[in-house]
Structures are given as C-alpha cells and as structure tokens.
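**Student:** Attaching a single structure in structure tokens format; questions to follow.
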C-alpha cells in the first residue's frame with residue numbers, strides 16, 4: 001500500500017511495517033509537496049504536487065517522468081488528477097485543465113519554459129543533453145528509466161545568448177555554431193574561439209583539423225591544447241555553408257538550396273582549392289532545392305523529384321532507386337539522416353534493413369508530420385526507439401514503442417439539424433438515434449451533420465456518404481461537418497467514418513431519415529388532378545342540364561334558410577324566456593337570502609335582549625317571538641315556492657335529483673340547488689341557516705351520499721347534471 005502525505009513524502013506498508021519509499025523518490029515528492037494522486041497503468045502512480053507538477057513513479061518506486069510547465073502542464077500546482085479510457089491523464093491545475101497523453105508516443109517540453117523557443121540542434125555529451133534554440137544553449141542531465149527518459153531540469157549555459165545553429169560533439173568536446181561565431185563549451189559556459197562570422201556547423205577531417213561551415217564559406221580550425229583555433233579559410237568559396245559534409249580526405253560537399261551543390265577539393269595544406277558545381281549537367285533535376293547528406297559514405301542529394309547518389313566513375317549524380325518506396329509526388333524527401341531516418345514533405349519515418357533478407361522495412365511516424373522547423377528539419381536519436389525532434393516551440397520526445405496507436409478510433413454524430421433559417425435541431429448529444437426513421441417535410445430538404453471522435457486529434461481524418469444520393473465514400477478530410485441542400489424526396493442514410501493517424505478506420509455511424517414527397521406528387525394530389533380533369537370533361541356536357549337543377553336547388557336552399565331563420569327566432573325567444581325566469585329566480589333567491597339574513601339578525605338581537613331582561617313574563621314572551629322567527633314551516637313554505645320556480649328553469653333538476661338519489665334529505669337538495677346556481681359558501685350559509693363551516697360539512701355529506709369520485713368537482717357536477 002502506498003501512503004502519500006502533503007509535506008512528509010511517501011511511504012509503503014509492507015508486512016504491517018511502514019517504510020519510506022526509495023530515498024531519491026522520497027526527496028522529490030517531499031520537496032514538491034503532494035496534493036493528489038491516481039493509479040495509472042502497469043502499477044504506476046501519477047502524483048500531483050504543489051510545486052513540481054506531476055511525478056510518475058513505477059511499481060519499483062522509481063521516478064520515471066515529471067510533467068511540469070516546461071512539458072505540457074499549464075501550471076505546476078496540480079489540484080486533481082483523473083484518467084480516461086484512452087490512456088489520457090487529466091490534471092486540474094491552479095490555472096486550468098491539462099491533458100497528458102500517457103499512452104501516446106509524444107512528449108513535448110520546452111527547455112526555456114514559457115518562452116517555447118524554436119530549437120535547431122540537439123546533442124548528448126557526458127550524460128548531459130544540450131539543446132540549441134534561437135535564445136541560447138540549454139543543458140540538462142538525462143537518464144533512461146525503463147523505456148523512457150527523464151531530465152533533471154534545464155539551465156541556460158552562460159554566454160550562449162542568441163541564435164544557436166549547431167551542436168557538434170567531437171573528441172568529447174562540445175562545439176557550438178552560433179550566430180556570433182564559433183564557441184566551445186568549457187567549464188560550464190561558452191568561450192568564443194575566434195573573431196569569425198556566424199557559424200553553422202563543425203565536422204571532423206584528417207588529423208587535428210576541423211571543417212567549419214560559416215555564413216561566408218568554409219573555415220579550417222586546428223586543435224591546440226584541447227581546443228580548436230582558427231587556422232585559415234578555403235580560398236575562392238564564399239557561399240553560406242550550412243549544409244556541409246565530408247566523406248573522404250581533402251574533399252568537402254556543400255549544398256545551398258538556392259545556389260546549387262558544390263564539391264570542394266584541396267591539397268594537404270588546404271590550398272589549391274578546386275570548386276565544382278553540380279546542377280542539371282551533373283545529373284540533378286535542377287540547381288534549386290537540393291540538400292546533400294552523407295549516407296553510408298556516399299554523397300546523397302534530396303531533390304525536387306527524387307533522391308540522387310553521387311557516382312564517382314561518371315562524376316554525376318544518379319537517381320537512387322532504393323528510396324522509391326518513400327519518395328513520390330506526395331512525399332518529396334527533404335532530409336536523409338544516418339540510422340535510416342528520413343523527413344519528407346508529408347511523412348516522417350525510418351528505414352530498417354532486415355539483416356537476414358536485406359529487405360527494407362518502412363516505419364512511419366505519422367505524429368511527426370509538419371512539426372519541424374521549416375527549412376531546418378532536424379532530429380536526434382537517443383536510442384533505436386527514441387528520438388528528439390526540433391520544433392518551432394520546444395522539443396518533442398518521441399518513443400515509437402508506446403502503444404498510443406492501439407486504441408481503435410470511434411466516430412459520433414453529435415448534432416443533426418436542418419440547414420434552414422430557423423436551424424431546427426433534429427438530434428443533439430451522444431445518445432441513441434430514434435429507432436424509426438425521421439420523417440421530414442418536402443421543404444425540409446437541407447440538412448447538416450456535425451460529427452467528431454472521442455479520441456480526436458488534429459491528424460484525425462473523416463469521410464462520409466449519403467446513401468440515396470451517393471454510394472461512394474468521400475475523400476478523407478479534416479472537416480467536422482457536412483451539409484446537403486436541395487435533396488429530393490426519398491429515403492436516406494448518412495454514414496460517417498474516422499481514421500486515426502495510424503490509418504486505423506472506425507466502424508461507421510449512420511443516421512437515417514426520409515423526406516416526404518411534395519403535395520403535388522402525392523397519390524391524393526394525383527387522384528385529385530385526375531378527378532378534376534374528368535370532371536371538367538363532364539361539365540362540358542352536363543352544365544346545360546345542371547342549370548335547371550341548380551336554380552331549383554337555389555330556391556330550395558332559400559326556403560330552407562327561411563325555415564332555419566324561423567327556428568332560430570323561436571330558439572332565441574325561448575332563450576329569452578329562460579333568461580327572464582332565471583332572473584326572476586335569482587331575484588327571488590336574493591330576496592329570500594336578504595329576508596333570512598334580516599330575520600336572523602332580529603332573532604339574534606332579541607336573544608341578546610332576553611338575556612338581559614329580569615322579568616320572567618317578559619322573558620317568556622320574548623321566547624315566543626324567537627320561536628316564531630325560527631319557524632321551520634315558514635321556511636318550508638318559502639322553499640316550496642322556490643323549488644317550483646327552480647324546476648321550471650332547470651329542467652326539473654330537483655325532481656330528477658330526488659328520483660336518482662332518494663336518500664338525499666330536503667336540506668341536501670337545497671344545497672344541490674344552490675350549488676347549481678353557482679352560489680358561494682357565504683351566500684348559501686344564510687339560506688340554510690347555518691355557518692360557512694356547516695356549508696362545507698354539508699357539501700362533504702352530499703358528495704358522500706352521491707358517491708362521487710374524488711376527481712369530480714361537486715359544483716361542476718351540479719351545473720352539468
């Protein structure tokens with residue numbers, strides 16, 4: 001079990017004993033301070049720290065990688081970590097979210113941090129890695145851990161400010177080609193060797209001498225007490241010598257992309273210089289765009305139409321057919337390097353020769369397309385599987401053994417919408433499509449599809465087709481959408497696929513839909529047109545005969561309209577009578593309400609007076625008066641008169657109610673009648689001589705006796721009964 005602490009490093013529990021992890025790893029983690037951690041593949045852990053970014057340790061407690069601001073992280077203060085199904089590590093930092101492709105082959109770092117300067121050359125010497133940039137020379141210790149490499153942080157070499165062009169390690173000495181001239185790395189800083197113009201490159205020659213390619217030709221340097229000193233320049237040659245090789249004594253080859261290819265020969269004293277220029281007459285397709293390289297001791301030129309090697313017998317360049325497998329119109333080779341690496345127009349790779357069969361195997365690195373500094377393409381091999389790439393923004397560490405390409409790509413259609421003015425969305429998100437085809441109207445014949453891949457990169461390609469319109473797939477493209485316009489009616493299925501940089505193609509994703517035919521092409525429309533045509537023919541013959549019938553029908557219609565108008569008048573008269581009776585009933589009810597309210601008030605006042613009277617006789621007489629005012633018979637007479645009028649207006653409502661619900665009391669029927677009249681609780685209370693609470697109780701009992709469902713409103717039921 002691994003235990004991490006915020007400030008006190010990391011510990012292991014083995015056999016119930018807590019022990020510190022390896023000392024070097026413990027010191028790093030303690031110094032950086034732990035914020036979070038997550039288990040990743042192969043027993044490894046990613047540890048997010050407060051000051052040092054992300055530390056990756058393996059199952060043996062060794063630090064195998066450190067990710068910080070110099071190589072992919074936004075910020076070194078890592079607050080949270082998470083992994084996904086594609087081998088990516090997501091880091092929530094103090095300044096945003098970073099994604100690290102741990103399963104991928106590429107790792108990017110910048111020796112000068114946030115500046116992300118362009119890099120031009122890389123070399124290793126004495127367990128140190130040196131990187132030349134346009135801002136100076138940077139150094140770091142480097143060590144191999146497992147299948148990967150780890151550095152201990154970059155520092156800028158003092159005295160190296162400015163443009164570094166080349167780093168050449170000769171006899172364990174680090175020689176620097178600088179914009180300001182030749183330099184030697186000595187005691188941790190740069191020392192200028194001579195007051196000479198800008199230097200591109202140092203290469204060894206015989207004995208104690210060096211060739212130095214400069215801005216203005218080729219200089220000769222001589223070793224003196226462990227350091228090279230300026231000796232002389234080759235006379236008669238003043239071309240910029242950035243691309244320079246030497247494959248035999250007293251001979252130099254220089255290529256200039258805009259001037260041509262030169263061979264310089266001289267005597268042992270570097271005199272009597274003979275300059276030969278090679279262009280079309282020398283077997284090359286042109287005098288422009290040529291780069292010369294030393295390929296197994298043979299001067300070899302990459303030109304606009306192929307790769308050419310020098311034939312000393314005929315003194316001309318001849319096309320080298322061994323490179324046909326990588327050189328084509330699409331992949332014009334620009335650089336050939338030792339160890340079999342090549343850099344073409346749109347392809348980077350390595351040619352490996354199988355010793356037994358002598359066959360050449362082509363290994364392609366699709367992630368490295370278009371990452372180099374234009375015109376200064378360069379890489380450095382750390383081992384047979386790992387190379388460092390010079391780019392416009394820092395350095396790429398590329399490990400060809402990582403399995404980043406083993407995850408099958410997928411594609412999703414995440415939005416489908418009409419390409420009309422309102423842009424109606426038919427599908428959005430990553431859920432399942434409808435089981436049935438989507439049916440669109442005839443005027444909805446412009447549709448747009450948006451698609452993507454969960455493991456999408458800028459090198460992902462897509463292709464598509466619309467079955468029903470086209471059967472063939474489109475060409476591969478980087479576009480993430482496709483729009484179709486003016487589609488005719490019919491059934492369609494949109495298919496899309498993606499392919500990753502390794503050429504692996506995904507399973508197709510499909511979206512089916514149907515566009516309805518316009519109304520004038522429907523079966524009903526066609527039938528209607530046929531009927532109209534036939535009808536037109538018939539009218540030619542029938543119109544005269546129909547005229548009489550038409551006039552007769554007009555008279556009949558007028559008569560019918562007159563009868564309908566009479567019926568309407570009768571109906572209106574009947575409605576007027578009903579309205580009049582309703583008004584009378586309402587007036588009668590209102591009068592009754594007012595009378596009962598007045599009687600109740602008088603009775604209440606008399607009750608109050610009776611309580612204050614002392615004379616027994618007077619109390620007795622007052623009680624008789626109260627009894628008269630509470631006489632139920634009088635109230636019943638009022639009700640009988642009311643019910644007669646009510647049934648006349650409301651289609652024998654009370655009679656029908658009594659017949660259907662015989663268990664209802666007279667008081668229940670009164671409640672029902674008042675509810676049908678849409679009287680409020682406050683209005684019903686005095687009519688029944690009870691309180692508002694009593695009305696609510698009465699409504700509840702009435703509902704229960706009539707056995708009405710809970711969803712039925714009592715008032716609505718009475719109105720509609």
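**Student:** Is the C-alpha gyration tensor of segment 96-198 telling us rounded, prolate or oblate? Criteria: a/c under 1.5 is rounded; beyond that, a/b larger than b/c is prolate, otherwise oblate.
**Tutor:** Because a/c hits 1.5 or more and a/b exceeds b/c, segment 96-198 counts as prolate.
**Student:** Going highest first, how would you order 45-54, 365-374, 264-273, 15-24 by mean Cβ packing within 10 Å? Mind showing how you got there, number by number?
**Tutor:** Working: 45-54: 22.6, 365-374: 17.0, 264-273: 14.7, 15-24: 10.6.
So the order, starting with the most tightly packed, is 45-54, 365-374, 264-273, 15-24.
**Student:** Where does the chain land at 222 nm, in deg cm²/dmol rounded to the nearest 500, when only DSSP H runs of n ≥ 4 count, each adding -39500 (n - 2.57), divided by all residues?
**Tutor:** Calculated from helices alone, the mean residue ellipticity at 222 nm is -8500 deg cm²/dmol.
**Student:** Cα gyration tensor of segment 408-521, axes a ≥ b ≥ c as square roots of the eigenvalues: rounded (a/c below 1.5), prolate (a/b > b/c) or oblate?
**Tutor:** Cα axes put segment 408-521 in the prolate bin.
**Student:** Quick one: grab the alpha carbon gyration tensor of segment 104-405, order the square roots of its eigenvalues as a ≥ b ≥ c, and give me rounded if a/c is under 1.5, else prolate or oblate depending on whether a/b is larger than b/c.
**Tutor:** oblate
**Student:** Now, a different point. Return 706, 1 ranked ascending by Cβ neighbour count within 10 Å, so the fewest neighbours appear first.
**Tutor:** Exposure proxy ranking, most exposed first: 1, 706.
**Student:** Counting other beta carbons within 10 Å of each Cβ, put 538, 418 in order, fewest first.
**Tutor:** So the ranking, lowest neighbour count to highest, is 538, 418.
**Student:** Another one. Report, in whole Å, the centroid distance computed from the Cα atoms of segment 83-108 and segment 330-352.
**Tutor:** Segment 83-108 and segment 330-352 have Cα centres spaced 29 Å from each other.
**Student:** Next question. Of the listed values [x] 1.36; [y] 0.99; [z] 1.17, grab the one calculated as Rg/Rh (Cα atoms, Kirkwood Rh) from the structure here.
**Tutor:** Here Rg/Rh (Cα atoms, Kirkwood Rh) agrees with entry [x].
**Student:** If you don't mind, there's one more thing I want to ask. For the ranges 474-480, 6-12, 613-619, 336-342, what's the packing order if you count other beta-carbon atoms within 10 Å of each residue, average per peptide, and put the highest first?
**Tutor:** Peptide ranking by packing, descending: 336-342, 6-12, 474-480, 613-619.
Quick note: the coordinates plus some simple rules give every number you see, no bench work behind them. Predicted model only: the values in this text are computed from it and were never measured. No Cβ is skipped: glycine too gets one built from the backbone with ideal geometry, and neighbour counts run over all protein chains shown.
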